[in-house]
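Heads up: the structure comes next, in structure tokens.
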Amino acid sequence: MPSMLVAYYSRSGNTEQMAEEVAAGAREVPGVRVDLRPVKEVAPDNLLSFDGIVIGSPVYYGTMAAEVKDLIDRSVKHHGKLAGKVGGAFASSGGPGGGNETTVLDIVKSLLIHGMIVQGDPEGDHYGPIAVGEPDDRSRNECRRFGRRVAELASRIAR
Ligand SMILES: Cc1cc2nc3c(=O)[nH]c(=O)nc-3n(C[C@H](O)[C@H](O)[C@H](O)COP(=O)(O)O)c2cc1C
């Protein structure tokens, strides 16, 4: 069965709400098993068992939180073994222009270095969903749509 992980860090709940929406969107795709977990509950070994891996972070000084970077750095244990899986990222900032797109791209860079496949979006948030503060309806819709698209791609790749 195709599977997808939504891993996130969140201190005040905004990124967590985005993660829940991403997971809900992914669960709309029939036949895909979706796990939603804080990064502290994800071990590098766990990454091997998913066809799709999506990572969300609050913006801290223009990039991802240290907790998210820590998981990515520890994933070096499996460098080369995540190639061909589907990846994606999302981020929550405190202000507009606060660095949410740079944060998404920083996470995406790590996934690309792992050899993962990252789908862009010609219509919605191009690099991955972003929110400013608590996700509003626009951001929630982006997250759901993103979750669905990543799960659909992961499902196709896993065949
Ligand atoms: C250490 C720290 C650094 C932050 N740096 C930024 C920043 O560079 N730009 C920004 O827009 N918001 C920044 N913020 C605000 C958070 O990104 C924002 O409140 C986010 O929604 C928090 O997500 P969370 O509720 O999932 O923890 C920072 C917050 C903290 C605690």
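Nothing in this text is a laboratory measurement; each read-out follows from the coordinates by a stated rule. Because the structure is predicted, anything quoted here is derived from the model rather than measured. Because the Cβ atoms are built from the backbone with ideal geometry, glycine has one as well, and the counts that use them run over all protein chains shown.
Give me a comma-separated list of calculated 3J(HN,Hα) values for region 122-133, in order, Karplus coefficients 6.51, -1.76, 1.60 applied at θ = phi - 60°, integers in Hz, x for any Gly or Pro.
Each residue's phi maps through the Karplus curve to give x, 10, x, 4, 5, 9, x, x, 10, 9, 10, x Hz.
If you split all Cα-Cα distances of region 39-147 into 10 Å bins from zero, what percentages do you get per bin, shortest first?
15, 48, 31, 5
When 1/r is averaged over all different Cα pairs and the result inverted, which Kirkwood radius in Å belongs to region 1-68?
Working: mean 1/r = 0.0811 Å⁻¹.
Result for region 1-68, one decimal place: 12.3 Å.
Using a Förster radius of 22 Å, what is the FRET efficiency between Arg159 and Lys81 based on their Cβ-Cβ separation? Nearest 0.05, please.
In this case the efficiency is close to 0.65.
For an R0 of 35 angstrom, estimate the FRET efficiency from the Cβ-Cβ distance between Thr102 and Ser49 and round to the nearest 0.05.
Working from the Cβ atoms, E equals 0.70.
Which percent of Cα pairs goes in each bin when the distances of region 88-159 are cut into 5 angstrom slices starting at zero?
3, 17, 25, 26, 17, 8, 3, 1, 0
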